[in-house]
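The values are calculated or read from the model by the stated rules, or taken from the named source; none is laboratory data. Note that the structure is predicted; figures quoted are calculated from it, not measured. All Cβ positions, glycine included, derive from the backbone under ideal geometry; neighbour counts span all protein chains shown. For the accessible areas, the whole protein counts, side chains as well, though only heavy atoms, and no ligand, DNA or RNA atoms are used. Shrake-Rupley method; radii C 1.70, N 1.55, O 1.52, S 1.80 Å.
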Amino acid sequence: MNTVLQLLNIEQAAMPGILMLLSIIKAHHNATGQIPSEQQILAAIPVDQQTLKTMWDGWTAAHPQT
Amino acid sequence: MLTRRRVRMSSLVCLMFLTVACAQKLPPGYSAQAQRAMEGHQILQEVMGLSRVVINLNALPPNSVGRISDDDTRIVRDFALATSDGVGRYVDLGAPDGILAAWTSLQQRLSANTKISPQVKAALALVSTQIQIITGVKDLTQ
C-alpha cells in the first residue's frame, strides 16, 4: 500500500513538468501546425546568439570605453 | 518510516527536479545535437535575462543605490558573448568547456558588490543552474 502511495505521489509530482512540456509542444503545434523539427530546434540557437549580440552592441555603442 | 512530511518533501523535490528535467528533455526521436540545442537555448534565455537585469541596473542614475558600474556591465557583456560562443561549440561538438570557461572568468572578474545585488544574484542562480545541468559540475562557486 505504501509503495502504491509513493508511486502515486511521484506521478502527481511529475505531472506539472510533463504537462508543461506537452503544452510547449502543443503551443508550437498550434502556431505552426507542426511539432518542432530538428532543424527548427537547431535554428533557434543562431537566433538567440544574434539577439544577445544586438542587445550588447546597443549598450556598447552607448557606453564607449574611455 | 514514511511520514506525511517526508512524502510531501520528496514530492516537492521530485516536482522541482522533474519540472527542470522535463523542460530540458525532448520527446524520443530527436538527435543528441537537437537535445544539446534545447539545453543551449535554455542557457541563452537565462543569459539574456541576466543581460537585461544588468543593463537596466546600469541605466540607473549615477550614485543610485543598486546601480551596476560600467566596468561590471562590460564584464557581464563579455560573459554573455563568450557563453554564446560556448553554446555554439557545445551544440556542434558536444564540448561544454567554453561555457564553463566563460562562467569561471565571470566569477573571477565580477565585483563583490554586483554579485550581492539581489536581482543579479537571482539571475546568476538561474544561469548557473542551467550550466550545472549541461556540464554536470555540481559546484560552480568560487
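Figures for the structure shown
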quantity	calculated
Charge dipole (debye, nearest 20) of region B:33-73; +1 at Cβ of Lys and Arg, -1 at Cβ of Asp and Glu	140
Shape category assigned to region B:24-142 from the gyration tensor of Cα positions, a/c cut at 1.5	prolate
Area of A:Met55 that stays accessible when all protein chains are in place (1.4 Å probe, Å², to 10)	40
